[in-house]
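Structure, as structure tokens:
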Amino acid sequence: ITKDTLLMRMSDEEFESVVDTNLNGVFRVVKRVTKSMLRQKFGRVILIGSVVGLLGSAGQVNYSATKSALVGIARSITREIGAKNITANVVAPGFIDTDMTAALSEELAATYRSRIPAGRFASPEEVAKVVRWIASDEASYISGAVIPVDGGLGMGH
């Protein structure tokens, strides 16, 4: 979830509710699911981050903090239980064609697209294909990684 506002205007509740959903929620799910993965000696933890978690964004200190924290979770999981055939990675989408981006004014959407080397927003299917691949046996040796799906927006992160 997002509750965007500048840091100096952000209430504790706005910060905490985003952290509770986007970070604490992930912790709770991952803690439970890894128990069965350990029993099976196999698992794929795939966390959906965001380019905002890697680059930061004015007015999104709460959201950015939660998405960047997913990198630490994935890498800690990799170090803790990676030897049990369990991988943990973060897929970090940039701008995606969704209802949220469709609600942007055409002028603002054009501004965002102009900052993306690919010159467009990704489709949800493009993100899904990366998730499917990172869950497959083809990616069994990849763990603790951040995989951007952002058209080059965050090159170098």
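Values quoted throughout were computed directly from the atomic coordinates according to the rules given, and no laboratory measurement underlies them. Note that this is a predicted model, so its numbers are computed, not measured. Neighbour counts are summed over all protein chains in view; Cβ atoms, including those assigned to glycine, are modelled from backbone coordinates with ideal geometry.
Things to note:
- Qualifying residues in the stretch 115-147 (those that are in contact with a helix residue (DSSP H, G or I) (Cβ under 8 Å, 6 or more places away or on another chain) and either loosely packed, with under 13 Cβ neighbours inside 10 Å or among the basic types (Lys, Arg) (or both)) - the one farthest from Ile48 (Cα to Cα): Gly119
- Counted residues, the stretch 61-107 - those being part of a loop (DSSP other than H, G, I, E, B), surrounded by fewer than 18 Cβ atoms within 10 Å (Cβ to Cβ) and hydrophobic (A, V, I, L, M, F, W, C): 2
- Filter result for Ala110 (free of Cβ contacts under 8 Å to residues at least 60 places away in the same chain and of a type outside the set (S, T, N, Q)): yes
- In the stretch 39-60, the residue that is surrounded by the most Cβ atoms within 10 Å (Cβ to Cβ) out of those that are touching a residue at least 12 places away in the same chain (Cβ under 8 Å), in a helix (DSSP H, G or I) and out of contact with any strand residue (DSSP E or B) (no Cβ under 7 Å at 6 or more places or on another chain) is Val52.
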